[in-house]
Amino acid sequence: MKAVYANDVNYDNPLSVLEVGERPEPTPREYWSTISVKSATANHHDLWSLQGVGLSAAQTPMILGTDAAGILDDDIPVRKGLKAGSEVVLYTFVGTDGNGVAPGERRTILSEKYAGTLAEKTQVPSANVFAKPANLNFDEAAALGTSWLTAYSLVFSAAGVKPGDTILVQGAGGGVSTAAIQLAHAAGLEVFVTSRSEDKRDRAVALGADAAFESGARLPRKVDAVIESVGAATWSHSVKSVRPGGTIAICGATTGDQPGAELTRVFFQDIRVQGVTMGTRDDFARLLRFVEHADIHPVIDSTYALADAHTAFRKVLDGDVFGKVVLHV
């Protein structure tokens with residue numbers, strides 16, 4: 001089958017070890033299900049894998065991809081309504097609760113230990129297969145598994161905010177930040193956003209943000225929580241922008257993970273820092289119900305054929321995106 005995979009790891013030039021070619025189809029596995037992939041998205045996790053973060057050279061070749069939407073190949077007898085031919089979306093954390101793996105197995109995301117989703121077929125524990133929200137197409141549904149689940153967990157679990165509170169989303173444009181804007185707006189939160197790009201600031205407001213500011217700008221008032229995925233470039237601003245007793249919910253560090261910690265401000269103002277990696281299976285189920293009930297549609301930046309994976313990932317690497325980059329399988 002055709003697939004996008006890491007043929008090696010290279011920290012300095014990750015795209016040099018990105019390959020598109022033939023890989024073996026998944027073999028039947030007890031308590032796992034096979035899905036014919038229709039759409040999958042390009043994520044920073046894939047770039048980290050290509051750099052050797054969480055993936056060693058000895059584990060390559062490894063099929064990349066951490067989320068997907070597609071067609072279920074075979075019935076899942078214990079999951080009512082999930083029959084062969086069903087349109088589905090995948091929760092791609094494996095080992096969080098023992099489903100489909102040996103007891104005590106370490107938690108991984110697809111493409112770390114088990115083959116990922118950027119292929120004609122992929123496989124997950126059957127408990128990780130969910131019906132695709134009826135209001136979404138395959139491209140939109142493919143965005144939910146990584147960026148949107150992370151954003152849902154950041155806003156509604158880690159940040160601990162309630163309707164009427166104010167949040168700051170750092171770095172408008174990425175998959176997590178656009179998702180956080182849409183989810184928070186739909187839930188009745190006031191949303192501030194930052195970006196270096198005037199165009200992205202304008203698009204963020206059109207998407208539901210209440211106000212958008214240049215990166216590092218002083219806000220009208222301190223916020224209840226900050227949604228942080230940028231890292232070193234925005235960390236100081238995040239610490240200065242959150243109210244005493246507020247929360248910085250962080251899921252990534254695309255500009256580096258070694259900022260000045262500003263510990264004095266953190267402890268003196270009782271600021272809570274909460275890390276997030278995607279979310280639970282229950283969070284994913286709630287996210288699916290939310291986007292369908294509220295008719296929320298993930299923003300798609302662009303779409304590419306699987307054969308054009310290098311171009312798609314170059315776009316993500318350069319940060320030239322607003323929403324998700326999707327690959328069609």
Check: Mean shadow of the chain, computed from the convex hull of its alpha carbons, in nm²?
Finding: 16.0
Check: Suppose R0 equals 51 Å; then what is the FRET efficiency for Asn7 and Arg221 from their Cβ-Cβ distance, rounded to the nearest 0.05?
Finding: 0.50
Check: In region 1-143, what percent of the accessible surface is made up of carbon and sulfur (1.4 Å probe, ligands and nucleic acids excluded)?
Finding: 49
Checklist line | Check: the chain dipole with +1 on Lys, Arg Cβ and -1 on Asp, Glu Cβ, in debye | finding: 680
Note to self: On C-alpha positions alone, give me the angle between the axis of helix 309-318 and the longest principal axis of the chain, in degrees, nearest 10.
What the structure shows: 10
Next item on the list: Just grab the label-to-label distance for Asp257 and Ala186, each label 7 Å out from Cα along the Cβ direction, in nm (one decimal).
Entry: 3.0
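Averaged per residue, what accessible surface does the chain expose to a 1.4 Å probe, in Å²? Each step should come with its number before you reach the end.
Details: 13910 Å² over 329 residues.
Value for the chain: 42 Å² per residue.
Determine the sum of side-chain charges near Ala42: Lys and Arg each +1, Asp and Glu each -1, restricted to other residues whose C-beta is under 13 angstrom from that of Ala42.
Here the count lands on -4.
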Item checked: Residues of region 293-329 with amide N under 15 Å of a point placed 7 Å along Cα→Cβ from Val53 -> 316-319
Notebook entry, point to check: Just from its helices, what would the mean residue ellipticity at 222 nm be for the chain, if runs of 4 or more DSSP H residues each count -39500 (n - 2.57) and the sum is divided by every residue, rounded to the nearest 500 deg cm²/dmol?
Noted result: -6500 deg cm²/dmol
Note to self: I need the P(r) histogram for region 148-275: all alpha carbon pairs, bin width 10 Å from 0 out to the longest distance, whole percents.
What the structure shows: 15, 52, 31, 3
Check: In whole Å, what three semi-axes, largest first, describe the equivalent ellipsoid of region 56-202 built from its Cα gyration tensor (square root of 5 times each eigenvalue)?
Finding: 31, 19, 16
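Looking at the chain, send over the antiparallel percent of its DSSP beta bridges, to the nearest 5.
For the chain, the DSSP antiparallel bridge percentage is about 55.
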Item checked: Heavy atoms of Val53: accessible area, 1.4 Å probe, square angstrom to 10 -> 80
Note to self: If I fit a long axis through the Cα atoms of helix 175-186 and take the longest principal axis of the Cα atoms of the chain, what angle between them do I get, 0 to 90°, rounded to 10?
What the structure shows: 70
Item checked: Extension reserve of the Ser16-Thr280 stretch, reckoned as 0.36 nm per residue once the Cα distance is removed -> 91.7 nm
Item checked: Leu327 long-range amide H proximity, modeled H, under 5 Å -> Ala40, Thr41, Ala42, Tyr304
Item checked: Cα gyration tensor, region 261-319 - rounded (a/c under 1.5), prolate or oblate -> oblate
Next item on the list: State the percentage of accessible surface on region 182-279 attributable to carbon and sulfur atoms; use a 1.4 Å probe and exclude ligands, DNA and RNA.
Entry: 49
Notebook entry, point to check: Whole-Hz Karplus ³J(HN,Hα) for region 189-199, in order, using 6.51 cos²θ - 1.76 cosθ + 1.60 and θ = phi - 60°, x for Gly and Pro?
Noted result: 8, 7, 10, 9, 9, 10, 6, 6, 9, 4, 4
Next item on the list: Using 0.36 nm per residue of separation minus the Cα-Cα distance, give me the extension gain between Asp308 and Ala211 in nm, one decimal.
Entry: 31.3 nm
Check: For the modelled label position 7 Å from the Cα of Lys162 along Cα-to-Cβ, which residues of region 240-264 have backbone nitrogen atoms closer than 16 Å?
Finding: 246-247
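The values are calculated or read from the model by the stated rules, or taken from the named source; none is laboratory data. Just so it is clear, the structure is predicted and the values come from calculations on it, not from any experiment. Backbone-built Cβ (ideal geometry, glycine too); neighbour counts: all protein chains shown. Accessible surface is based on the protein model in full, side chains and every heavy atom, while ligands, DNA and RNA are left aside. Shrake-Rupley method; radii C 1.70, N 1.55, O 1.52, S 1.80 Å.
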